[in-house]
Structures are given as C-alpha cells and as structure tokens.
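Colleague: One structure follows; several queries about it will come next.
The values are calculated or read from the model by the stated rules, or taken from the named source; none is laboratory data. Source: prediction; values computed, not measured. Here Cβ is always computed from backbone atoms with ideal geometry, including for glycine, and neighbour counts include all displayed protein chains. To get the accessible areas, we keep the full protein, side chains included, count just its heavy atoms, and leave off ligands, DNA and RNA. Shrake-Rupley method; radii C 1.70, N 1.55, O 1.52, S 1.80 Å.
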Amino acid sequence: EGFAPGTIDYEVALPIGTVDVPVVTAVANDDAASMVVTQAADIPGTATVEVTAENGITIKTYSVDFRFVSDDASLQGIAVNGEPVADFYPAVLAYTVVLPLETTEEIPVITAEANDENADVDITQPASIDGEATIVVTAEDGVATLTYTVNIELVSTDATLSDLLADGETITGFDPEV
C-alpha cells in the first residue's frame with residue numbers, strides 16, 4: 001500500500017455516492033523535473049501525472065484510476081471437488097449437488113469465486129460427506145453480503161441385482177457378482 005516511485009498505475013476506490021472527483025497533486029523527486037497533471041473529469045475516471053526529467057527526454061507517466069467501491073456480493077461460480085456446479089446462476093443462493101454413494105469417500109471440497117475480485121469469500125466446508133457448505137460473500141463496501149448454501153447428497157448408483165428368481169427359485173446361472 002502507498003506510493004512507490006517504480007509503480008506507475010494506481011487505483012482509488014471511493015465510497016458509492018461520492019460526487020466530487022478527487023484532485024491529484026504530485027511532488028517530483030528532482031526539483032528540475034517538470035510535471036503536467038491532468039485531472040479525472042468524472043468517477044469513474046483517470047488522472048495522469050506526466051513527469052519530464054531535466055534532460056527533456058526521459059518521461060514517466062503515472063495514472064490514478066478512480067472508481068466507486070463495489071457493492072457486488074455475488075459469486076461467479078461454485079465448484080465441488082473442482083467440478084463446477086451445474087446450472088449455477090449468481091442470483092440463486094441454494095444448490096444441491098448429488099455425488100455417487102459408492103465412490104465418495106472423503107468430505108467434498110467446496111470452492112467459489114466472487115464476481116468482484118475485491119469481495120471477500122468465506123467458505124464453511126461441510127462437516128461430513130453428505131453435509132452442507134455455507135459461502136458468505138461480503139462486497140468490497142463491507143456492507144452488502146450474500147449467503148450461498150451447497151447441500152451435498154449421496155445417492156447410490158448401484159443398478160445391479162442381488163438375486164434373480166423364477167417362481168421363487170434363483171435362476172440357474174445367475175451370479176450377482178457378474
């Protein structure tokens with residue numbers, strides 16, 4: 001955080017509702033250098049500071065991008081064990097994901113990505129294989145929040161027979177292991 005002479009691009013997030021565009025000023029490292037400051041006209045907008053060294057040849061331009069702080073607390077996507085949740089839509093807050101009973105041996109890992117890179121995503125993983133995860137997204141403004149839930153259900157995929165009978169007797173040659 002803060003100014004570093006080697007960094008030329010900066011971003012300033014302003015509270016929603018800010019009306020006055022901030023005024024950018026700068027101080028050159030070398031008193032013999034000249035500067036031209038171009039102010040941002042609006043929010044969002046960009047102010048630039050062009051610094052020309054005493055030699056008149058070396059020029060460095062710094063930019064300050066002004067934007068409003070985001071109130072977007074929505075998600076871009078949710079994944080279970082790395083697989084995206086089917087039919088995800090940011091406005092839908094509850095999902096049920098079905099996993100195969102026979103092959104699910106560990107508690108699934110839930111991941112999520114916010115629509116806004118400045119939002120905070122806090123995931124409470126399921127406590128059991130067939131549990132529920134909670135995802136709380138807090139917008140950059142620190143006020144707007146959305147809570148998503150992912151319910152994990154285990155469903156058997158076993159479509160085999162344990163016995164095959166005719167008139168109450170196992171049919172000759174039937175083997176449940178085949």
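Colleague: Going by what's in this entry, would Val80 be described as out of contact with any helix residue (DSSP H, G or I) (no Cβ under 6 Å at 6 or more places or on another chain) and open to solvent by 70 Å² or more (accessible area, probe 1.4 Å)?
Modeller: no
Colleague: Output the residues belonging to region 134-157 that are part of a strand (DSSP E or B) and either free of Cβ contacts under 8 Å to residues at least 60 places away in the same chain or open to solvent by 50 Å² or more (accessible area, probe 1.4 Å) (or both).
Modeller: If the condition is that a residue be part of a strand (DSSP E or B) and either free of Cβ contacts under 8 Å to residues at least 60 places away in the same chain or open to solvent by 50 Å² or more (accessible area, probe 1.4 Å) (or both), then Thr134, Val136, Thr145, Leu146, Thr147, Thr149, Asn151, Glu153, Leu154, Val155 are the ones that fit.
Colleague: Just checking, how many residues over region 54-94 are within 14 Å of Thr147 (Cα to Cα) and either touching a residue at least 24 places away in the same chain (Cβ under 8 Å) or assigned to a strand (DSSP E or B) (or both)?
Modeller: 10
Colleague: Continuing with the same structure: Inside region 149-167, can you point out the residues that are polar (S, T, N, Q) and more than 39 Å from the chain's Cα centre (by Cα)?
Modeller: So in region 149-167, the residues polar (S, T, N, Q) come out as 149, 151, 156-157, 160, 162.
Matches in region 149-167: Thr160, Ser162.
Colleague: Ok, one more. Test each condition in (1) at pLDDT 95 or above; (2) surrounded by fewer than 16 Cβ atoms within 10 Å (Cβ to Cβ) for Pro90 and report the one that comes out false.
Modeller: All conditions are met except number (2).
Colleague: Yes or no: Leu101 under 30 Å from Asp130 (Cα atoms), surrounded by 13 or more Cβ atoms within 10 Å (Cβ to Cβ) and over 28 Å from the mean Cα position of the chain (by Cα)? Talk me through it step by step, then tell me what you get.
Modeller: Details: under 30 Å from Asp130 (Cα atoms): yes; surrounded by 13 or more Cβ atoms within 10 Å (Cβ to Cβ): yes; over 28 Å from the mean Cα position of the chain (by Cα): yes.
Yes; evaluated as a whole, the condition is true for this residue.
Colleague: Among (1) of a type in the set (Phe, Trp, Tyr); (2) modelled with pLDDT under 95; (3) more than 28 Å from Ala139 (Cβ to Cβ), there is one condition Phe3 misses while meeting the rest; what is its number?
Modeller: (3) is the only condition that Phe3 fails.
Colleague: Within region 62-76, identify whether any single residue is open to solvent by less than 40 Å² (accessible area, probe 1.4 Å), touching a strand residue (DSSP E or B) at 6+ places or on another chain (Cβ under 6 Å) and closer than 30 Å to Thr157 by Cβ, and answer yes or no.
Modeller: yes
Colleague: Which residues, taken from region 41-53, are touching a Lys or Arg at 6+ places or on another chain (Cβ under 6 Å) and not in a loop (DSSP other than H, G, I, E, B)? Walk me through how you get there before you give the answer.
Modeller: Of all residues in region 41-53, those touching a Lys or Arg at 6+ places or on another chain (Cβ under 6 Å) come to 44, 51.
If the condition is that a residue be touching a Lys or Arg at 6+ places or on another chain (Cβ under 6 Å) and not in a loop (DSSP other than H, G, I, E, B), then Val51 is the only one that fits.
Colleague: Restricting the first residue to region 110-122 and requiring it to be assigned to a loop (DSSP other than H, G, I, E, B), which pairs with a second residue that is of a type in the set (Val, Ile, Thr) meet a Cβ separation below 7 Å and a spacing of at least six or different chains?
Modeller: As it stands, the answer is Ala119/Val137; Ala119/Thr138, since those pairs meet every condition given.
Colleague: Additional query: Give the residue that is modelled with the highest pLDDT, with candidates limited to residues of region 108-133 that are open to solvent by 50 Å² or more (accessible area, probe 1.4 Å) and over 22 Å from the mean Cα position of the chain (by Cα).
Modeller: Step by step, filter region 108-133, then rank; the result is Ala127.
Colleague: Okay, next question. Within region 34-61, track down each residue that is farther than 17 Å from Leu14 by Cα and open to solvent by less than 70 Å² (accessible area, probe 1.4 Å). Break it down into steps so the answer makes sense when it comes.
Modeller: Going through region 34-61, the residues farther than 17 Å from Leu14 by Cα turn out to be 34-38, 48-61.
Within region 34-61, Ser34, Val37, Thr48, Val49, Val51, Thr52, Ala53, Gly56, Thr61 meet the criteria.
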